[in-house]
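Right, one structure below, let's go through it.
The values are calculated or read from the model by the stated rules, or taken from the named source; none is laboratory data. In this text, all values refer to a predicted model and were calculated from it rather than measured experimentally. Using ideal geometry, Cβ is built from the backbone for each residue, glycine included, and neighbour counts are taken over all protein chains shown.
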Amino acid sequence: MKYVDGFVLVVPNDKVEDYKIMAQKGGDIWKKHGALEYFECVGEDMNPEIGGMKMLTFPQLAKAGEDETVVFSFIIFNSKEHRNEVNKKVMEDPMMKEMPKEMPFDMEKVAYGGFKAIVEEHNE
């Protein structure tokens, strides 16, 4: 089963393009060092209707303001050990020094965690 690093963060609407540029560079670095897949997803349908069920929305969860967008990001690895190896190489990569010193998002509105896949289905 695969291992996934997941992130939920809040980006000001006027900084989404800056975030996208930074994220594309990040994706290049993670893939260079062995990440299987790298996704950066910008919220689009943040208040979906799901058969009348009440649930927390991502903007509520992330405490996003009216002028902010929720981003859901994830990186897929072979295993937790593989994730640790890749992330170590990423953090040592000189390209990381080229990342902006000031992030285009609020670090206090970032959630991160590592997740072990327990169900893995693929369409072939």
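From the list 90, 86, 70, exactly one residue is in contact with a Pro (Cβ under 6 Å, 6 or more places away or on another chain) and either in a helix (DSSP H, G or I) or within 19 Å of residue 12 (Cβ to Cβ) (or both). Which is it?
70
Rundown of residues vs (1) modelled with pLDDT of 95 or more; (2) more than 11 Å from the chain's Cα centre (by Cα); (3) outside any strand (DSSP E or B); (4) among the aliphatic types (A, V, I, L, M), yes/no style:
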site: 1; (1), (2), (3), (4): no, yes, yes, yes
site: 10; (1), (2), (3), (4): yes, no, no, yes
site: 14; (1), (2), (3), (4): yes, yes, yes, no
site: 17; (1), (2), (3), (4): yes, yes, yes, no
site: 29; (1), (2), (3), (4): yes, yes, yes, yes
site: 35; (1), (2), (3), (4): yes, yes, yes, yes
site: 45; (1), (2), (3), (4): no, yes, yes, no
site: 48; (1), (2), (3), (4): no, yes, yes, no
Filter pass, residue 39 being surrounded by fewer than 17 Cβ atoms within 10 Å (Cβ to Cβ), touching a helix residue (DSSP H, G or I) at 6+ places or on another chain (Cβ under 9 Å) and either under 29 Å from residue 91 (Cα atoms) or not basic (Lys, Arg) (or both)
yes
Checked pairs for region 19-34, first closer than 22 Å to residue 84 by Cβ, second assigned to a loop (DSSP other than H, G, I, E, B), C-beta under 6 Å and 6 or more apart or across chains, list as 29/93
Assuming residue 91 fulfils every condition listed in (1) farther than 17 Å from residue 112 by Cα; (2) loosely packed, with under 12 Cβ neighbours inside 10 Å apart from one, which condition is it?
(1)
Those residues of region 17-29 which are in contact with a strand residue (DSSP E or B) (Cβ under 6 Å, 6 or more places away or on another chain) and surrounded by fewer than 18 Cβ atoms within 10 Å (Cβ to Cβ), in sequence order:
27
Selection from region 97-121 of residues that are touching an Asp or Glu at 6+ places or on another chain (Cβ under 9 Å) and of a type in the set (Gly, Ala, Ser)
113, 114
In region 82-124, which residues are in contact with a helix residue (DSSP H, G or I) (Cβ under 8 Å, 6 or more places away or on another chain), touching a residue at least 60 places away in the same chain (Cβ under 8 Å) and more than 30 Å from residue 67 (Cβ to Cβ)?
90, 93, 95, 114, 116
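Could you please find all residues in region 93-110 being of a type outside the set (Phe, Trp, Tyr), outside any helix (DSSP H, G or I) and either closer than 16 Å to residue 19 by Cα or in contact with a Cys (Cβ under 7 Å, 6 or more places away or on another chain) (or both)?
Here is the first cut: in region 93-110, the residues of a type outside the set (Phe, Trp, Tyr) are 93-104, 106-110.
Checking the rest, the ones that are also outside any helix (DSSP H, G or I) come to 93, 99-104, 106, 110.
Result: 99, 100, 101, 102, 103, 104, 106, 110.
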Some residue of region 66-73 being touching a residue at least 40 places away in the same chain (Cβ under 8 Å), of a type in the set (Asp, Glu) and surrounded by 15 or more Cβ atoms within 10 Å (Cβ to Cβ):
yes
